[in-house]
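Notes follow once the structure below has been shown.
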Amino acid sequence: MTKETIQDHWPQEATFCWGCGKNNEHGLQLKSYLEGEETVATWKPKDHHLAFPGILNGGIIATLIDCHATGTANALAHREEGTDDHTMHVTASLSVKFLRPTPLGEPVTLRARVKESSGRRMTVSCSLFSGEQECAQGEVVTASVDMNRFLKKE
């Protein structure tokens, strides 16, 4: 039996994101999983994701952190609400600290948790690891929007 990803709960219209959309054949197709109060994702870079020989591109790292953090906000908000309907969290701001070069040939692991939640906003902290080494840290502030209006279903 395959464990469901956070992205499996999203409406069809929201599954084409370049970073985490399962229906974007050219994208990264990040898959995130809820584990208690934390979310985890593992993703394997390919040779064309490089910045320099053997080093993962910083824009890809930022995208992975962004998508994993918004997925975290969505999963925890929907768990709190008891439904997948109506609201979705999108990026309001993103900051990334690059701590060390991320090797290209190894899978990366992302770990995120909600740091703060207030009204329509959630602040999610996310770390990206290569093996045991933390290579980047991010903080994403998300805003809750009406899914139907955001995806122009109304």
Which residue pairs have Cβ atoms closer than 7 Å, lie 6 or more positions apart in sequence or on different chains, and pair a first residue in the stretch 71-88 that is at pLDDT 75 or above and outside any helix (DSSP H, G or I) with a second residue that is of a type in the set (D, E, K, R) and surrounded by fewer than 17 Cβ atoms within 10 Å (Cβ to Cβ)? 87/146
Considering only residues that are farther than 21 Å from residue 151 by Cβ and in contact with a strand residue (DSSP E or B) (Cβ under 7 Å, 6 or more places away or on another chain), which ones fall in the stretch 1-27? 3
Among the residues in the stretch 46-60, are any acidic (Asp, Glu) and more than 11 Å from the chain's Cα centre (by Cα)? yes
Test: residue in the stretch 17-36 that is under 17 Å from residue 109 (Cβ atoms), of a type in the set (A, V, I, L, M) and in a loop (DSSP other than H, G, I, E, B): yes
Hits in the stretch 41-61 (condition: surrounded by fewer than 16 Cβ atoms within 10 Å (Cβ to Cβ), within 21 Å of residue 124 (Cα to Cα) and touching a residue at least 40 places away in the same chain (Cβ under 8 Å)): 42, 58
Can you tell me which of 110, 94, 128 is of a type in the set (A, V, I, L, M), in contact (Cβ under 8 Å) with a residue 40 or more places away in the chain, in a strand (DSSP E or B) and more than 22 Å from residue 10 (Cα to Cα)? 128
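The values are calculated or read from the model by the stated rules, or taken from the named source; none is laboratory data. Given the structure is predicted, the values throughout are model-derived calculations rather than measurements. Neighbour counts run over all protein chains shown; Cβ positions are idealised from the backbone, glycine included.
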